[in-house]
1. Pick out the one residue from 66, 71 that is under 24 Å from residue 132 (Cβ atoms), touching a strand residue (DSSP E or B) at 6+ places or on another chain (Cβ under 8 Å), surrounded by fewer than 19 Cβ atoms within 10 Å (Cβ to Cβ) and at pLDDT 95 or above.
2. Here are 111, 105, 93, 123: which of them is surrounded by 12 or more Cβ atoms within 10 Å (Cβ to Cβ), within 27 Å of residue 34 (Cβ to Cβ) and in contact (Cβ under 8 Å) with a residue 60 or more places away in the chain?
3. Taking the range 2-30 only, how many residues are at pLDDT 95 or above and out of contact with any strand residue (DSSP E or B) (no Cβ under 7 Å at 6 or more places or on another chain)?
4. Hey, can you tell me all the residues within the range 2-60 that are over 20 Å from residue 100 (Cα atoms), in contact (Cβ under 8 Å) with a residue 24 or more places away in the chain and part of a loop (DSSP other than H, G, I, E, B)?
5. In this structure, is residue 138 loosely packed, with under 13 Cβ neighbours inside 10 Å and out of contact with any helix residue (DSSP H, G or I) (no Cβ under 9 Å at 6 or more places or on another chain)?
6. Select from the range 49-63 the residues that are surrounded by 13 or more Cβ atoms within 10 Å (Cβ to Cβ) and farther than 24 Å from residue 92 by Cα and list them in ascending order.
């Protein structure tokens with residue numbers, strides 16, 4: 001079995017990355033997006049991100065198992081050293097160290113680009129349910145992020161209200 005390869009994602013990866021993302025849209029409250037984007041829309045998102053931020057794919061045996069990318073925390077110039085991170089793993093690739101490897105590589109790239117503050121916007125509910133666990137908060141805590149804010153009942157999905165947690169890390 002080949003080792004894990006972390007590489008820059010490219011627009012041509014859109015279909016593979018979308019295949020990873022789609023179950024998060026349709027089956028979870030991890031993302032507050034309701035409709036799965038098209039491959040063309042996803043390709044456009046990748047292209048837009050790559051204009052300013054790193055976008056990484058984790059590949060093993062020629063198969064993309066996950067991806068992580070950074071985006072603007074806020075658009076005003078005063079926030080230019082801050083980035084918001086996102087990560088998605090194939091449902092059968094979780095808890096194998098892939099997410100940690102992606103985030104470490106992403107953090108290294110962002111630090112070399114002069115970023116100082118990293119943020120994660122995470123779907124949250126006080127109690128876990130069939131659509132949302134506390135895994136993302138646990139993951140970010142293990143990666144050195146700490147709680148920075150909570151927005152209660154700000155999103156509705158599957159007929160339920162969910163919160164949003166902000167976590168941050170200073171690098």
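The values are calculated or read from the model by the stated rules, or taken from the named source; none is laboratory data. Keep in mind that what you see is a predicted model, and the values were worked out from it rather than measured. Positions of Cβ are backbone-derived with ideal geometry, glycine not excepted, and every protein chain shown enters the neighbour counts.
1. From the options 66, 71, the qualifying one is 71.
2. 123
3. 12
4. 10, 28, 29, 32, 34
5. Judged against the criteria, residue 138 is a match.
6. Passing the criteria: 49, 50, 53, 54.
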